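Here the structure is laid out as structure tokens; the discussion comes afterwards.
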Amino acid sequence: MECLFQDSHIHIQDIKSLESITRFIQDAKTSGWGRFFNCAITPADWPIIKAMAEKDAALVPFFGIHPWFSDLADEKSFQQLEAYLSIPGAFAGEMGPDKARKNIDFSLQKDIFTRQLLLAKKFKKPFTVHCVRAWEETISLIKSHAPDLRFLTHSFNGSHEIAQEIQLMGGFFSVSIKEFIRDENPFKSVFKILPSNRILLETDFPYQVKWTTPQEYIKTVHKGYEIAASWRDCDTDTFIKGVYDNGTIFTHGTSDR
Ligand SMILES: [Zn+2]
């Protein structure tokens, strides 16, 4: 059985040095990586992410404005974002509201999220949601503006109730590798019963967990996948393949392509 690893939320462009980026991608691919969902944070990322995706189809491009940078979004950036989202094979995000980020006005964050939802809807693009302590607002904005689009919740570690709500909305759960390398994790009881056709695994590299080398990233992701599979009482290879197929369904709507 062919099983390829997938990282459903990463910011490869933020490794910064082109040489390190090339080495990182090469090493990961040699170790069985098939695909990265490479997410933008600011408008400055968009041309870099586009160029990376054109060079290597494994770097699936996501164009959006992260809530921490909501104040960077002006009319010109929305015009540009519209052009980026019209590209075939491009997706939307990361975007969403973050209540922990107090220095960025919350109503501005919701506004910028809404405008991105409307653009995702215009081009029928699945999107990546960043939500911190704002599930009520996130769920209500998605339901109002883009109820029929596939979406994934980045770094999901919410409650049973939120998980159920997202499941009913057709959302995917992108869970951070760091959840599986913690000792005692109350999220384990939620992860155990997430629907198996909606699970994705991510790192948010180079953020959240600070890994210094590609080898360390590869080792940690391998370990994370193994522990995640054991939490699901699933054979590791079957789990890895299932997660990859979920990524294909997220991007293409079917696992056949
Ligand atoms: Zn991120």
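Readers should treat all values here as calculations from the given coordinates under stated rules, not as data from a laboratory. Treat the numbers as computed from the prediction; the structure is a model and nothing was measured. Here Cβ is always computed from backbone atoms with ideal geometry, including for glycine, and neighbour counts include all displayed protein chains.
Amide H contacts of Ile87 (H built 1.01 Å from N, in plane; Pro and chain starts excluded): no residue 5 or more places away or on another chain comes under 5 Å. Amide H contacts for Val175 (H built 1.01 Å from N in the peptide plane; partners 5 or more residues away or on another chain; cut-off under 5 Å): Phe156, Leu200, Leu201, Glu202. Between the residues Pro67, Leu200, Val221, the greatest Cα displacement towards the positive end of the dipole of the stretch 14-252, with unit charges on the Cβ of Lys, Arg, Asp and Glu, is found for Leu200. Kirkwood-type hydrodynamic radius, the stretch 14-252: 18.3 Å, calculated from all non-identical alpha-carbon pairs.
Take each peptide in 58-70, 91-103, 14-26, count the other Cβ atoms within 10 Å of every residue, and average; sorted highest first, the result is 58-70, 91-103, 14-26. Measuring nothing but how far apart in sequence close Cα pairs (under 8 Å, 6+ apart) lie, relative to its length, the chain scores a relative contact order of 20 percent.
Would you list Ser189, Ser77 from fewest to most Cβ contacts within 10 Å?
Ordered by Cβ neighbours within 10 Å, fewest first: Ser189, Ser77.
A simple spin-label model places pseudo-atoms 7 Å from Cα toward Cβ; at Lys16 and Asp235 they are separated by 4.5 nm. Neighbour counts of other Cβ atoms within 10 Å put Cys234, Cys3, Cys131 in the fewest-to-most order Cys234, Cys3, Cys131.
Averaging the sequence gap over all C-alpha pairs within less than 8 Å and six or more residues apart, then dividing by the number of residues, gives the stretch 99-210 a relative contact order of 22 percent.
Translational diffusion coefficient of the stretch 1-147 at 4 °C, 1.567 mPa s, Stokes-Einstein with Kirkwood Rh over Cα pairs, in µm²/s as a whole number.
82
Here is what passes the span test in the chain: the DSSP H helices with alpha carbon length of 20 Å or more along the helix axis and a Kyte-Doolittle mean of -0.5 or above are 106-122, 236-252. With 31 Å as the limit on Cα-Cα distance, the pairs of Lys99/Lys241; Lys55/Lys121; Lys55/Lys192; Lys55/Lys223 that go past it are Lys99/Lys241; Lys55/Lys192. Alpha carbon centre of the stretch 181-200 versus the stretch 211-248: separation in Å? Value for the Cα centre distance between the two parts: 13 Å.
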